Amino acid sequence: MQPPGGHGSTAADAEDPPRRAVEVLSPDDKVDIASEAHALHISAALAELDAEFVGLAPVKQRVREIAALLLVDQLRARFGMAASRPSLHMCFTGSPGTGKTTLARQMGRLLAGLGYLRKGQLVSVTRDDLVGQYVGHTAPKTKEVLKRALGGVLLIDEAYYLYRPDNERDYGQECIEILLQFMEDHRDDLVVILAGYADRMDVFFRSNPGMASRIGHHIDFPDFALPELMQIAQLMLAGQQYHLDPAAEAAFGEYIARRMRQPRFANARSMRNAIDRLRLRQAQRLVSAGGQVSGAELMEITAADVRTSRVFNDTAGTG
């Protein structure tokens, strides 16, 4: 197996130690795991993961396990032990707005730091970016996307839409076959992450056993609880130098509870949209009032800004 970060190796040198190793250690030698994790930027990547993600404890734990496995594999290689590259293709399942794209980006950075990817960039696509509408259109579209993703992570959102067995003239199967070939031939230079709802991904994998066999890690993203959504919203507001006054905070908690029961709720994405509308209503209130305004007032969201939302008087509203 080609070592992490290696490219262009032949069959003769496929078992060489990873490039990071400058010498083969003896069994009695010692290495400090914490120092190695720091040198490979693993500690920083995991700290960033904790800082950027609210909740999602099972997701964070799975990422730590993957990072630990890859680190130990590199240490084993330094001692001359077998350390074959594990399958790094993944499946992320969960509702919209639960952080799948953000984690895919973090995984790219982490794997690049470990030397398992050359660059670690994220290329995020859907079916429309891969599948053509006429004969001869799909292959070049798919290959162009894969070319951009080489050296990094390719995230295919709602990947089950690639497969449409009810349509004999659909070209999704051609795309899947090209993906499978690239996932095998470039497994040392590309990580493919399929994302979508868990039940639909299960159907997709049953219909495409070749794809299922290439996925090494399945990570499920739970929906956020109300306190977590409030924390996410407050972090978003703070990042834009806004804050909720006490009455607004109470009103926004009620807003979240109502919004969670309504159609098309998308977790953190819905919080971002809600904050955009809060800013619009705050701006309208300040401009309509006229007169002088302080810096503190420009930062403050009031309960009136929150309760103007249609969510409080329209069961179908999402504002």
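Some notes on this structure:
- Near VAL293, once Lys and Arg are set to +1 and Asp and Glu to -1 for all other residues with Cβ below 12 Å from its Cβ, the sum equals -1.
- Rolling a 1.4 Å probe over the protein chains gives ASP129 an accessible area of about 70 Å².
- Once you divide the Cα radius of gyration of the range 206-319 by 2.2 N^0.38 Å, the number left is 1.38.
- The calculated FRET efficiency for the pair ASN167 and ALA198, based on their C-beta separation and a Förster distance of 22 Å, comes to about 0.40.
- Sulfur and carbon atoms: percent of accessible area, the range 183-319 [1.4 Å]: 52 percent
- Set LYS100/LYS143; LYS30/LYS119; LYS60/LYS100 screened for pairs whose C-alpha atoms are more than 21 Å apart: LYS100/LYS143; LYS30/LYS119
- Those chymotrypsin sites (Phe, Trp or Tyr not before Pro) in the range 164-235 that DSSP places in a loop and that have at most 13 other beta carbons within 10 Å: none
- Residues of the range 171-188 with amide N under 13 Å of a point placed 7 Å along Cα→Cβ from HIS137: 171-172
- Cα centroid separation, the range 93-129 to the range 182-258 (Å): 12 Å
- The length gained on full extension between GLU158 and ASN313, counted as 0.36 nm times the residue separation minus their Cα-Cα distance, comes to 52.5 nm.
- Exposed loop sites are taken as GluC sites (Glu not before Pro) in a DSSP loop (any state but H, G, I, E or B) with at most 12 other beta carbon atoms within 10 Å; the longest stretch of the chain without one runs 169-319.
- Only one item in [x] 23.7, 78; [y] 28.0, 108; [z] 20.2, 74 matches Rg and Dmax of the Cα atoms in Å derived from the coordinates shown, and that item is [x].
- With Cα atoms, 0 to 90° folded angle of helix 172-185 axis to the chain main axis: 50 degrees
- C-alpha long axis of helix 226-239 to longest principal axis of the chain, angle in °: 90 degrees
- Note on the range 116-190: Rg/Rh from C-alpha atoms, Kirkwood Rh, equals 0.98.
- Within the range 97-161, chymotrypsin sites (Phe, Trp or Tyr not before Pro) in DSSP loop having at most 15 other beta-carbon neighbours inside 10 Å: TYR134
- Helix 198-207 vs. the chain, principal-axis angle (Cα, 0 to 90°, nearest 10): 30 degrees
- Across all Cα atoms of the range 30-100, the radius of gyration (one decimal) and Dmax (whole number) stand at 14.3, 45 Å.
- Modelled FRET efficiency - R0 22 Å, ALA47 with GLN231, Cβ distances, 0.05 increments: 0.80
The values are calculated or read from the model by the stated rules, or taken from the named source; none is laboratory data. Note that the coordinates shown come from a computational prediction; the quantities given were computed from them, not determined experimentally. Ideal geometry is used to build each Cβ from the backbone, glycine not excepted, and the neighbour counts take in all protein chains shown. Accessible surface areas use protein heavy atoms only, side chains included; no ligands, DNA or RNA. Shrake-Rupley method; radii C 1.70, N 1.55, O 1.52, S 1.80 Å.
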